[in-house]
Amino acid sequence: MLLGTAFLISLCFVYCAVGEESKNVELVARWGLGTAYDVCVAGDYCYLSAGEALVILNIMGPQQPVEVGRLYLGSRPKDICVRGNLVYLSDWVAGLRIIDVSDHSSPREIAVLHLPGYADGIDVVGHYVYLANSEGGLRVIDVSDPGNPLEIGFFNTFASDVKVAGQYAYVAAGKEGLKVVDISDPKNPHLVGSGNFGARFWSIVVEGSCAYVLYNDYGLMIIDITNPLSPRKLASCSLSAAYVSAVFVKGQYAYVADQDQGLRIIDVMRPENPQEAGFFVAPGFARGVWVDGNFAYVGSENAGLRIINITDPKNPQEVGHYDTAGRFTDVYVHEGYAYVASEGFGLRILDISDPGKPREIARHSIFDEIEAIAGTDSLLFLAKRYKGLEIVDISQPADPQSLALVQTSQDIKRVYVQGGYAYAANGCSLLIIDVANPKKPRIVSVCRVSCSINGIYLSGHYIYVADSHLGLRIIDVSDPSSPKEVGFYSTSSWTNDVRVEGSYAYVADWRAGFKILDVADPVMPRLVGSLDTPGETYAVDVDDHFAYLADYSGGLRIIDLRNKANPQEIGFHNASKAARQVCVARGYIYLAGYDGLFIFRFGNVPPLSTPFSFVHIADVHIGGNSLDWSEEESCQNFALTLEEIGALDPKPAFVLVSGDNIEYAKGEWFAIFTSFLTTFTARYGIPVYFVPGNHDRYTWYGAPASGFLGFGDDMLRNYHQRTYSYLENLGVKPLIANFESRYDNFSFEYQNYLFIGLDSGEDFALDLEVGDWQRVNLKDLGPEGNGLADAQISALTRFKKESKKIIFMHHPVFTGRKDKGERTGGEYEDAAIANFRDPFLTYCKLYNVQLVLSGHTHQNHNFDAEGNQIEEPSSFDPYFLQTASATKGDSGFRVIEIAGGKVSSWQCFSVQKSPHIALTARGVVKLGVIDAEGNYTGAGSILTNIPHSYYTGYYGPEITQTVVLSDPKGDYQFQIVGAREGDYQLEVTLLREEGLNPTIFNASDIHIAAGATHQYSIDWEASAAGEKGMIVRLDAKNSDGYSCDVLESDSSVPNSRPIPITPSDSGVGQNYPNPFNVETCIPYELRDEANAEIMIYTAAGELVRTLVLGRRLPGFYTTPDKAAYWNGQDEKGEKVGSGIYFYTFRAGGFAAFKKMIFMR
């Protein structure tokens, strides 16, 4: 209990309201409110929480509710309770707010009481407010002086909602069910009864002798509270496939707000047998409900307030509504009219002839979700989610007419229209649509650009594409039927929008702010100026010498462009907390946001993330220490997994690795593991982040004594320090993206997410702190994961509470694997973390953790926050996922997609593994060496068994098995072990430091039976005397010169097929080895005869070396004797420095470039 209380206190925070600020910008008008939430009726007035406002409506005529008052609060109110002339609001962030509504036309806030946790349900009885404050428990507040509320009592429980009846408060306590609290003494509330009915309770109403509770996401449960000390369940019924939001009980009916189905009316005359009497499908998503007289008042997320006549419960009918306008995504202004795209409420058309008094004159496509708008003099083009591109005639703005719909395979995010063509951002492609005849549009071309196009703009005959994390792409559309990319610029963040004026492109680059690019030469755009902004730059418009930015949480920002190299902010207004798009017309600025349309003259909802995906892998286990698991096999399987990840489309943003990276703490194996990752990152441009597991630890029971470093220093921060130091001592600079050291955690930011790596401890040492582990060899003591330390829990609370978080570590919180522990006397959850499990779960729920990723069990499992196995993301996070091993058993990886500010999907991929090393995935051999006494050393560590050698990269499709020998001495004997029977020719390639032609040693044709061996020797001194180093490349082919397929069946006869003589297309492959420190080969293929050359550049774009390959015939130039060769020297014959280099291959009309890494 003391631990729980201390942890609760550590999570408390103070909310500070921030008033609107502005500079040189005047707010002229605001139209629309955003999402409608809770609703309460008292007398002739309805009180509605909408967006960040409290709205007061006169409902004397329910068919025509009239707004009489409004108060902007600056944060989102949750529940409403009205008593006399006072409105009590539970504010999700601010706590308790008290509003004086004695003058309905001018409501005023008289008090705010900040409390720990998130304020949720509320009830007011007499002079006391009872506030369900989520993890902050039940708070009792004396409001006898409403202007000075004073907390006098507290009951420690999770509290989602509360209702008071008599001397008892009935608390919906989440997974703890129902809590009955005696409040006869408000200063000393105490528990007198409870009931855990196997469900999560979060909303409650008490009527008579029954409590009506919404449970989980979908059901209504009725509980008999005749005896408050012993509540009992009467009945439950499942209502929704989506989410039930609120319940109100009156007479014999319970009225439930169902986000998916609208208003559900349940007959509860017989509480033990509830029956649905009727329903009304309300538009939008129903969030709140109140019943007064013959009417139900339903707050709808995207459709405002709906008023429903329930005189006949079997046939409820809507009689009136109040429009809050939903959330706005875009705005287009033309000839005195503003056309506003609404998320869930279609197109809104406003007369803005007087910008200070915008007036709606028409709607179109009601209830559709419109992502973007573009227009011409008489036409409007609507990007409609789930439907495509609609063309609308607006020659009469008050009477828009649909002309045509272009259906598309993906949602259109942006659209631009000019010269008879519409250019639409359709997922990862640019669609060019001929709209010369708007009634018969036709797609003329599809240009694949990348993974996610956010913005487009046409200037001249170039389309400028804001291409998410890949930056700005420039496409020549002079021939609309054949668009071609001609240039690009890689920005540092997430490119959202672009405008082009003259020879400059103005780029909204999300968290990296605002950028100005010189595009006078579209082939080579260059950065000339930039400016960081306080928010997240979402959109840009340019007029005269000024740029106008929709800066999302930063509102409107105005930038002076007269000095392109040094742009300066000269005005701003932060009335909008979620600005999405901006448009400048006739001296006014129109800002569309999730919180309304703002009109300015020359002004904190967390932003949603742009969709992205990443990969999670676990349990690589490079090394192997058993008869059926070898170092080579672990390497080969990991290589196949990485190649599958590298081929993903769209490309993942990064890879997270959750520990057990090597079989045990052996430096050579860690060098191999990191070599895989550096090669992977260099080849595919995908960074990798990893944390240790129990096998990586020096204190792991299987680690050799020589590797044990002692007690007290085997923590995560030291793990990274030691591993990176080890690589640097080898002369290898790690290229894996590093973490920032914060206490005992490592973290990095991507989009609007914070990714946190944790150390979940070693195995088998229970109840010990990090920093004081003991080496315990007994395996069956209990849960395998030693767990988190209190220092880690404390450090986690330092991160911003509102930041969306994803955590990865080795041991899981929940696991689908259970074993009997002989020494524990019972069953335990094998592999789950032991220490601080419950506080960690609490942290995840309170600190906006959406996902926790782990491994260890070598199995795929998905859990919700209650430990229930689930198939896909639901309405509630966090989620707890385990991913199978990347190399063993049911091996593979998991792809997680993030969209709309939440985890939208996860998918597990299996990778077909070979039982042994497969050279070029066909001929099959294993590598070993003969020691000084002539004994075969077996297929053990490459580094250990081959003197003077080190590993240079994973086994790719071009390089089969590569060993670099430095300062070689004497003879080397290689023993080939056949894993599949067949005829082979062993080829050993010596790549010398100088010269373009390698020396190739060919053994005689050999027949190797399965399990049989063949020895081959190289006399280094005779064959390569005087050389400083060589690369030994082993390959196997059959005696006819064809590669041999390895059959997956039990048959031992290999299939053979000729290799194609000429390629179907020209191309250039990845250099090998990569990274390299002496020399490298660059493979290429030619479809047609052509002059070929390779130009090598530094990362800064400076030309280092040109390899003139001369006139080449069609064919494959991929083997070391045919591929291009570079010795790491520049044109002057001097060795280049370590770093990243780019090479461009040109042959005829073909050109392509790739990246490589040189390490000295």
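Scan region 886-921 for residues that are at pLDDT below 90, charged (D, E, K, R) and surrounded by 14 or more Cβ atoms within 10 Å (Cβ to Cβ) and the total you get is 3.
Of all the listed residues (V528, V435, V444), the sole one being surrounded by fewer than 20 Cβ atoms within 10 Å (Cβ to Cβ), over 23 Å from A1152 (Cβ atoms) and in contact with a Pro (Cβ under 6 Å, 6 or more places away or on another chain) is V444. Of all residues in region 491-542, those satisfying the criterion of being of a type in the set (V, I, T) and either under 13 Å from L472 (Cβ atoms) or in a strand (DSSP E or B) (or both) are T491, T495, V498, V500, V507, I516, V519, V523, V528, T537, V540, V542.
Could you tell me whether L382 is in contact with a Lys or Arg (Cβ under 7 Å, 6 or more places away or on another chain) and modelled with pLDDT of 90 or more?
No: the conditions fail for L382.
Somewhere in region 131-149, is a residue under 21 Å from F248 (Cα atoms), in a strand (DSSP E or B) and in contact with a strand residue (DSSP E or B) (Cβ under 6 Å, 6 or more places away or on another chain)? There is at least one residue in region 131-149 that is under 21 Å from F248 (Cα atoms), in a strand (DSSP E or B) and in contact with a strand residue (DSSP E or B) (Cβ under 6 Å, 6 or more places away or on another chain). For the residues V66, V82, the requirement of being under 30 Å from G346 (Cβ atoms) and modelled with pLDDT of 90 or more singles out V66. Here the strands (runs of 3 or more DSSP E) wholly within region 70-128 that include at least 2 residues being touching an Asp or Glu at 6+ places or on another chain (Cβ under 6 Å) are 77-83, 95-100, 108-113. For region 1128-1137, the criterion of a residue being of a type in the set (G, A, S), surrounded by 14 or more Cβ atoms within 10 Å (Cβ to Cβ) and part of a strand (DSSP E or B) is satisfied by no position.
When C844 is tested against the conditions (1) of a type outside the set (S, T, N, Q); (2) within 21 Å of Y118 (Cβ to Cβ); (3) in a strand (DSSP E or B), the lone failure is (3). Among the residues of region 851-883, the one identified as in contact with a Cys (Cβ under 7 Å, 6 or more places away or on another chain) and outside any loop (DSSP other than H, G, I, E, B) is V852. Taken across region 361-373, residues that are surrounded by 15 or more Cβ atoms within 10 Å (Cβ to Cβ), within 21 Å of R327 (Cα to Cα) and among the hydroxyl-bearing types (S, T, Y) do occur, with at least one present.
One residue stands out in region 485-523 among those that are out of contact with any Asp or Glu (no Cβ under 9 Å at 6 or more places or on another chain) and among the hydrophobic types (A, V, I, L, M, F, W, C): the one that is farthest from A466 (Cα to Cα), namely A520. When you go through I570, I589 one by one, which is the residue that is more than 19 Å from Y332 (Cβ to Cβ), assigned to a strand (DSSP E or B) and assigned by TED's automatic domain parsing to the domain that holds F488? Testing whether each residue is more than 19 Å from Y332 (Cβ to Cβ), assigned to a strand (DSSP E or B) and assigned by TED's automatic domain parsing to the domain that holds F488 leaves just I570. The set of residues in region 157-168 being out of contact with any Ser or Thr (no Cβ under 7 Å at 6 or more places or on another chain) and either surrounded by fewer than 22 Cβ atoms within 10 Å (Cβ to Cβ) or not in a strand (DSSP E or B) (or both) consists of T157, V164, A165, G166, Y168.
Quick test for you: out of S245, S209, pick the one residue that is under 40 Å from the mean Cα position of the chain (by Cα) and either at pLDDT 90 or above or of a type outside the set (A, V, I, L, M, F, W, C) (or both). None of the others qualify; the one that does is S245.
Could you grab me the full set of residues in region 838-862 that are of a type in the set (A, V, I, L, M, F, W, C) and within 16 Å of S905 (Cβ to Cβ)? Listed by number, the residues that qualify are L851, L853.
Applying the set (1) within 30 Å of A579 (Cα to Cα); (2) not assigned by TED's automatic domain parsing to the domain that holds A372 to Y332 leaves exactly one unmet item: (2).
Among the residues of region 466-490, the ones that are more than 22 Å from the chain's Cα centre (by Cα) and part of a strand (DSSP E or B) come to 10 in all.
Conditions tested, residue by residue: (1) on the phi > 0 side of the Ramachandran plot; (2) among the polar types (S, T, N, Q); (3) touching a helix residue (DSSP H, G or I) at 6+ places or on another chain (Cβ under 6 Å).
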residue	(1), (2), (3)
D161	no, no, no
G174	yes, no, no
S194	no, yes, no
R200	no, no, no
E207	no, no, no
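Residue count for region 526-558 satisfying the condition of being over 21 Å from Y457 (Cα atoms) and at pLDDT 95 or above: 0.
The values are calculated or read from the model by the stated rules, or taken from the named source; none is laboratory data. This structure is a prediction, so every number in the text was calculated from the model and none was measured. Virtual Cβ from ideal backbone geometry, glycine too; neighbours counted across all protein chains shown.
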